[in-house]
Structures are given as structure tokens and as C-alpha cells.
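Chemist: Structure in C-alpha cells, see below.
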Amino acid sequence: MCGIIGYVGRRAAGPILLEGLQRLEYRGYDSAGIAVVDRDGAIEVLKRRGKLAQLTNSIGVMPNGGSGIGHTRWATHGEPSDRNAHPHTSSAGEVVVVQNGIVENHRELRERLAQAGVRCESDTDTEVIPQLIALALQRGLDFSAALRETLDQINGANAVVAVWRREPERIYAARRGSAGGIVIGFGEDEMFVASDLAALLPHTTQVHHLEDGDIAVVGVDGVSVSSRGEPPRQPQPTEVGLDPVAVAKGSYRHFMLKEIHEQPRALSDTIRGRARLSPPTVLADELTISDDLLRAISRVLIIGMGTSLHAAMIGRWWIEQLGGVAADFDNAAEFRYREPLLGPGVLVVSITQSGETIDTLGAMREAEQRWQSPQLTICNVPGSEATRIAEHVIHLRCGPEIGVASTKTFTASLAALYLLACRIGRARGRLSEAELADRLDALLTAPSLTERGLSAGDACATVAERLRGAANLLVLGRGIEYPLAMETALKCKEISYMHAEGYAAGEMKHGPIALLDDSFPVVALAPRGPLFDKMLSAVQQVRARGAPVIAIGDEGDAELAELANHFIGVPPAPPLLSPFSLSPVVQLLAYHLAAARGLDIDQPRNLAKTVTVE
Ligand code: G6P
């Protein structure tokens with residue numbers, strides 16, 4: 001974990017590596033480092049605990065050299081420290097490595113190394129890799145063979161990028177399993193290697209993704225890739241269409257704020273061309289899944305992690321109500337180690353903004369290999385691993401999401417789920433043509449609902465100012481707003497470090513109510529809907545315990561406003577669509593809470609944007 005960059009070419013590698021790492025900062029990290037190789041094979045390694053700026057400021061003279069590798073680390077084995085930061089070197093310093101993933105059997109490998117007289121310097125699992133490669137090189141293997149032999153000894157999914165003193169104009173990159181992808185970038189007389197596209201975009205949009213088991217030898221004039229047992233090949237690059245300008249923060253204080261405000265556009269882009277009213281059709285041109293299959297399935301299982309899991313929970317509502325088929329959700333990390341009963345009759349829908357979350361990928365593989373379940377993934381990163389495992393894909397069209405806390409990919413995932421639910425409902429006869437048209441018509445208002453929700457920014461800032469000193473927060477919702485209560489609490493935890501719990505309001509009296517007193521604020525998500533009266537009575541119970549209530553409900557709802565200590569109004573939404581008007585409000589509330597607390601909103605502590613370890 002977590003970000004990798006590599007360069008070989010005619011320019012000075014150092015500044016390119018540092019700039020590449022800057023573009024990977026959004027993934028979250030706690031230390032950073034680079035290794036630069038000069039023409040004679042001298043390798044200089046510079047690494048520092050903390051932010052990239054600490055590394056950059058510590059560099060007096062930029063090392064000279066036309067190739068090198070860099071890494072932002074998110075600590076898994078061994079504390080964040082200079083010593084544990086990547087790159088890691090073999091004892092004699094001739095092999096230098098950065099890695100994403102986990103060497104699960106590193107203890108056993110360390111013992112093996114100790115028996116061979118090799119002592120590791122760091123506490124990391126990573127260091128065994130350069131040490132094992134160096135041992136294999138001593139036995140006379142060439143570098144590719146030494147790397148392959150080393151990877152064969154390692155358990156766990158890993159991406160490894162290495163340089164070797166003897167071959168200063170080459171970078172080696174290898175991929176085992178799905179610990180984040182490795183993408184090779186093609187330039188003019190220069191080549192790049194990175195863990196994700198964002199780091200490459202200023203330089204090139206011509207790329208090639210490594211597959212599981214590939215080892216790439218990258219030189220100034222191209223790349224040669226070998227897979228196990230096959231002769232090396234020279235892959236042709238493909239063009240990717242991401243706009244580098246979209247990666248910039250613009251005039252916003254934080255990427256998260258920018259991305260919250262980008263939601264109306266991200267929603268329009270995600271819905272565009274997929275919901276047609278006359279004649280009513282949904283996902284008509286692109287969804288490769290057949291209506292016959294949608295009619296044949298007995299169940300839909302939606303999986304994800306974090307914010308994507310909360311999208312899954314909301315998706316279940318729509319797939320049951322609009323799709324007319326049994327639906328369930330599951331946490332991918334739990335699912336993959338249960339004994340879930342699936343089969344070809346269960347459609348597995350995975351949600352993953354990054355397309356690289358290891359638990360979600362693991363669950364997808366389990367569903368595919370063990371149960372032969374048809375799979376559809378909802379994903380924001382074209383070419384990511386999830387889009388390659390799943391046969392059917394709904395691409396979100398959010399552009400890069402940089403803030404670690406997901407926002408626009410959440411609401412866009414919701415739009416994709418709603419479209420899918422409508423498609424299932426039409427295929428199964430649950431929705432008539434006219435009903436489909438009504439539902440799609442309603443969905444087309446989602447961007448403007450979200451836009452109007454954004455106007456609650458000032459109200460959120462005022463409430464956040466009042467809440468900033470609180471130690472705890474309870475967030476209540478019912479029905480389709482219950483998952484959103486969980487998402488609100490997650491956002492508060494992620495960026496404002498406030499202890500927050502999202503609860504189904506009906507569950508409050510079975511425990512959480514014991515916590516309440518005048519120091520324990522409660523947020524109630526209470527737009528008008530079938531369960532409004534029940535929410536109102538939960539709010540009354542909260543008030544009776546003296547806890548301050550922040551109610552978020554329909555604009556002009558005097559009854560709710562009167563009951564609450566603070567009231568934030570949102571545009572009333574058509575049935576089942578309240579998540580689109582409420583999401584920007586709860587995201588802004590969490591954002592302003594973190595801002596009021598003066599925290600690092602785009603890179604919250606201990607979190608990563610792409611979680612490639614279990
Ligand atoms: C990390 C991110 C979250 C995200 C979760 C799942 O924890 O910080 O924002 O919700 O991973 O990621 P995925 O890419 O699978 O949606």
C-alpha cells in the first residue's frame with residue numbers, strides 16, 4: 001500500500017517521481033520515498049515519514065538519474081517511519097523495490113533469509129522481496145527470473161516495481177493477484193509505471209494494464225511483458241480518455257468540497273443516454289445483460305465496502321420495489337469468507353468506485369469461480385480490475401474522485417442502481433411501459449434535487465459550528481433513509497474524527513437511547529414519506545431525553561422544524577428518491593464539521609482511497 005510511480009527516460013527522474021507521488025496523495029499515505037538510478041547504476045534512496053512535502057523539503061540536491069521508482073506508503077506492517085518507508089533495498093543496496101499489497105508469509109520468509117545470513121533492516125513485510133531477489137541473482141538468475149522466483153515464494157496479492165543497479169535503464173514491474181493494478185504509460189523516449197492512471201495523465205494517455213502473473217521489463221523505448229510460461233510480447237498501448245484538467249482542485253478549498261458540488265454533473269453524466277422516455281427504455285444500448293437472464297434470476301445480491309456498501313443498501317430498496325425480485329446486500333469482506341449460497345440464478349452486483357478494493361474483488365471471484373453467478377459491477381474507473389472480472393459493467397461517469405471520502409461516486413452509484421432496478425423491473429414485467437416512463441422521469445430530476453440540496457451549505461456550516469465540540473453523534477433514519485444515516489455517520493467518522501453511529505430509528509429504543517443526554521446530539525433524517533410519523537415519534541423520544549436534535553427534512557416542514565433544535569430544509573423528492581436530495585446535505589454537514597475542527601479533509605488520517613489490503 002499504497003501508491004507507486006516509476007520512470008525511465010531522457011529527463012531527470014527525481015522531479016517526475018515526486019510530481020507523480022503528488023498525484024497519488026489522494027489515495028492516503030503516511031510516508032513517501034523515491035529511488036533514483038544514475039547511468040552508472042548508482043542508486044540513491046530518499047524516504048521520509050509524513051507528508052510528501054516533508055520528503056521534498058528534506059532533499060538538498062536532487063539526485064541525478066534518468067530512471068527511478070517512488071512510493072507513498074500506508075502502514076500495514078511496522079509503524080510509519082523513515083526506516084519502514086518504501087523503497088526497500090537488499091542488504092548490498094543493488095536491488096530496490098516498492099510494493100503494494102501484503103506478503104502474508106513474510107515471517108517464514110524472514111526466517112529463511114536469516115538462515116541464508118540475510119538480516120532485514122525494517123519491520124515491513126516488503127523488505128523480504130529485494131532480499132530474496134538479491135539471493136536469487138547471486139545464484140546467477142537474470143532479473144526477471146529472480147523476480148518471478150521471489151513472487152512464487154510469496155503468499156498474497158502484490159504489485160511490485162523494482163530497479164537493479166546492473167541495469168540502470170530498466171524498471172521491472174510485476175503483478176500478482178489484485179493488490180491494485182499496475183499500469184504502464186507510453187511516452188516519447190520515456191516510459192512510466194504507476195499504480196493508477198492519475199499519476200500518468202500529465203504525461204501520457206497511452207497505457208497498458210498488467211494482468212495477474214505478468215512481469216514487465218520497461219525501458220526507454222518500450223515494454224516487454226511475459227506471463228507465466230509464455231514468450232515475452234510487446235503489448236500495444238491503448239488510449240484512455242480521462243481529462244487531466246479534471247484532476248485539478250480549481251477554486252475549491254478541498255477536493256471533497258469540489259466533488260460534492262460536482263454531483264449534479266456526475267449524475268447527469270451517469271444517467272445521460274441511459275434513461276429514455278419515448279419510447280421508455282433504460283440502459284438499452286450498453287447493458288450487455290439480457291432480459292432473459294434478468295427474468296430468470298431468483299435473487300440479486302449487492303456487495304461493496306464502506307460508502308459503496310451503503311449504496312448497496314439503498315440499491316436493495318429499489319431492486320425489490322422497482323425490480324420486483326428478492327434482493328440483499330452484503331459486506332464483501334464478510335461475504336467472501338462465509339458459505340454463501342449462490343448459483344447461476346443469483347445476479348451479483350458489486351459496487352466499487354475504485355474497482356480495486358481487494359475485499360470486493362475477492363468476493364467477486366468467489367461468486368464467479370465457486371458459484372458461476374452472473375456478475376455486474378458498478379465502477380468509476382475504466383479498465384480497473386472489477387471491470388475486468390465482471391462480465392457486465394455500468395460505468396459511472398464521475399471523472400477522477402480525489403477526496404478520500406467518497407461523495408460523487410456514491411450518488412452516481414445510486415443513479416446506476418436505480419437504472420438497473422428499472423431495467424430489471426421492466427424485464428420482469430413489474431413495471432409497465434408507463435410506469436417505467438414515470439420512474440425514469442422522476443430519476444431525471446435527481447441532478448436538480450442534488451443541486452438544490454447543495455444550497456443547504458450555509459445551514460450545514462452553522463450547525464457544524466455548534467456541533468464541533470461534541471464527542472458523539474447519533475444519526476437516525478428509517479426506510480430508504482436508514483442507509484443514508486449510516487453513510488452520514490461514516491462521513492463524520494472519516495473526516496471529522498467524531499464518533500458517530502447511524503441507526504435505524506426504530507432500533508434506537510433498543511439500546512442507543514441509553515446514551516442520550518444534553519451533550520449527545522442526534523441528527524434525524526426525516527423527509528416526508530410513508531414512515532414520517534414514525535420518525536417524528538423517534539425525534540420526540542430523543543427530545544424527551546434532553547438530546548439536541550438536528551432535523552433534516554422537507555423545506556417548509558413547520559411541524560418538524562418546531563420539534564427540532566436546528567432544522568435544515570431540503571427539496572421534497574419524488575417517492576424513493578430522497579437519497580439524491582439528502583446526500584449533498586449530509587456530506588456538507590460532515591465536511592463543515594471537519595473544516596470547523598481544522599482537519600485535513602482530503603487526506604484523513606489512517607484512511608486510503610483505494611484499499612488493496614485485507
Ligand atoms: C475506502 C475509501 C472509501 C470507499 C471504500 C470502498 O475505504 O476511503 O471512500 O467507500 O474504500 O471503496 P470502493 O473503491 O470499493 O468503492
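The values are calculated or read from the model by the stated rules, or taken from the named source; none is laboratory data. Predicted model, so just to flag it, every value in this text is computed and none were measured. Because the Cβ atoms are built from the backbone with ideal geometry, glycine has one as well, and the counts that use them run over all protein chains shown.
Chemist: Is it the case that LEU18 is modelled with pLDDT of 95 or more, of a type outside the set (Asp, Glu) and more than 28 Å from LEU141 (Cβ to Cβ)?
Modeler: Details: modelled with pLDDT of 95 or more: yes; of a type outside the set (Asp, Glu): yes; more than 28 Å from LEU141 (Cβ to Cβ): yes.
Against the criterion (modelled with pLDDT of 95 or more, of a type outside the set (Asp, Glu) and more than 28 Å from LEU141 (Cβ to Cβ)), LEU18 qualifies.
Conditions (1) small (Gly, Ala, Ser); (2) at pLDDT 95 or above, marked per residue:
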position	(1), (2)
TRP371	no, no
CYS398	no, no
ALA405	yes, no
SER413	yes, yes
SER448	yes, no
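Chemist: Identify, from the list ASP533, ASP554, the residue that is acidic (Asp, Glu) and over 16 Å from PRO571 (Cβ atoms). Can you show your working first?
Modeler: Details: ASP554 fails: over 16 Å from PRO571 (Cβ atoms).
Within the list ASP533, ASP554, the selection yields ASP533.
Chemist: Yes or no: region 256-263 includes at least one residue that is at pLDDT below 90, in contact with a helix residue (DSSP H, G or I) (Cβ under 9 Å, 6 or more places away or on another chain) and not small (Gly, Ala, Ser).
Modeler: Looking only at region 256-263, we keep the residues that are at pLDDT below 90, and these are none.
Within region 256-263, not a single residue is at pLDDT below 90, in contact with a helix residue (DSSP H, G or I) (Cβ under 9 Å, 6 or more places away or on another chain) and not small (Gly, Ala, Ser).
Chemist: Could you grab me the full set of residues in region 269-303 that are crowded, with 22+ Cβ neighbours inside 10 Å and either without any contact (Cβ under 8 Å) to a residue 60 or more places away in the chain or in contact with a Phe, Trp or Tyr (Cβ under 8 Å, 6 or more places away or on another chain) (or both)?
Modeler: Selection gives LEU301, ILE302, ILE303.
Chemist: Does any residue of region 411-419 turn out to be assigned by TED's automatic domain parsing to the domain that holds LEU322 and more than 16 Å from the ligand (Cβ to nearest atom)? Give the steps one after another, and end with the answer.
Modeler: Taking region 411-419 and keeping what is assigned by TED's automatic domain parsing to the domain that holds LEU322, we get 411-419.
In the following step, the residues that additionally are more than 16 Å from the ligand (Cβ to nearest atom) were identified as 418-419.
Within region 411-419 (the criterion being assigned by TED's automatic domain parsing to the domain that holds LEU322 and more than 16 Å from the ligand (Cβ to nearest atom)), the answer is yes, since at least one residue qualifies.
Results for (1) of a type in the set (Phe, Trp, Tyr); (2) more than 16 Å from the ligand (Cβ to nearest atom); (3) over 23 Å from the mean Cα position of the chain (by Cα), shown as yes or no for each residue.
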| residue | (1), (2), (3) |
| --- | --- |
| THR407 | no, no, no |
| PRO447 | no, yes, no |
| GLY457 | no, yes, yes |
| ALA461 | no, yes, yes |
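Chemist: Given the options ALA590, ALA608, name the one that is in a helix (DSSP H, G or I), of a type in the set (A, V, I, L, M) and within 16 Å of the ligand (Cβ to nearest atom). First the steps, then the outcome.
Modeler: Working: ALA608 fails: in a helix (DSSP H, G or I).
One residue alone meets the criteria, ALA590.
Chemist: Tell me which residues, restricted to region 345-355, are surrounded by fewer than 24 Cβ atoms within 10 Å (Cβ to Cβ) and within 19 Å of VAL393 (Cβ to Cβ). Steps first, please.
Modeler: Kept after step one, since they are surrounded by fewer than 24 Cβ atoms within 10 Å (Cβ to Cβ), are these residues of region 345-355: 345-346.
Within region 345-355, just VAL346 meets the criteria.
Chemist: Continuing with the same structure: Determine which single condition ILE568 fails, assuming it passes every other condition in (1) modelled with pLDDT of 95 or more; (2) within 16 Å of the ligand (Cβ to nearest atom); (3) out of contact with any His (no Cβ under 8 Å at 6 or more places or on another chain).
Modeler: Here ILE568 meets the rest and fails (2).
Chemist: Taking LEU576 as the residue in question, decide whether it is touching a Phe, Trp or Tyr at 6+ places or on another chain (Cβ under 7 Å) and assigned to a loop (DSSP other than H, G, I, E, B). Before the answer, list the steps.
Modeler: Numbers: touching a Phe, Trp or Tyr at 6+ places or on another chain (Cβ under 7 Å): yes; assigned to a loop (DSSP other than H, G, I, E, B): yes.
It is true that LEU576 is touching a Phe, Trp or Tyr at 6+ places or on another chain (Cβ under 7 Å) and assigned to a loop (DSSP other than H, G, I, E, B).
Matching residues to (1) closer than 21 Å to ILE133 by Cβ; (2) modelled with pLDDT under 90:
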position	(1), (2)
PHE192	no, no
HIS208	no, no
ASP212	yes, yes
ARG233	no, no
GLN236	no, no
LYS249	no, yes
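Chemist: Within region 142-152, does at least one residue satisfy the condition of being free of Cβ contacts under 8 Å to residues at least 12 places away in the same chain, farther than 18 Å from VAL37 by Cα, in the same structural domain as LEU21 (by TED's automatic domain parsing) and not acidic (Asp, Glu)?
Modeler: Within region 142-152, the subset free of Cβ contacts under 8 Å to residues at least 12 places away in the same chain is 142, 145, 152.
Filter once more, so that each one left must be farther than 18 Å from VAL37 by Cα: 142, 145, 152.
Next, only the ones that are in the same structural domain as LEU21 (by TED's automatic domain parsing) stay: 142, 145, 152.
Pick out the ones that are also not acidic (Asp, Glu) and you get 145.
Yes, region 142-152 has at least one match.
Matching residues to (1) farther than 22 Å from ASP602 by Cβ; (2) surrounded by 24 or more Cβ atoms within 10 Å (Cβ to Cβ):
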| position | (1), (2) |
| --- | --- |
| ALA412 | no, yes |
| ALA416 | yes, yes |
| ARG423 | yes, yes |
| GLY457 | no, no |
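Chemist: With respect to ALA116, determine if the residue is in the same structural domain as THR72 (by TED's automatic domain parsing) and over 32 Å from the mean Cα position of the chain (by Cα).
Modeler: Against the criterion (in the same structural domain as THR72 (by TED's automatic domain parsing) and over 32 Å from the mean Cα position of the chain (by Cα)), ALA116 qualifies.
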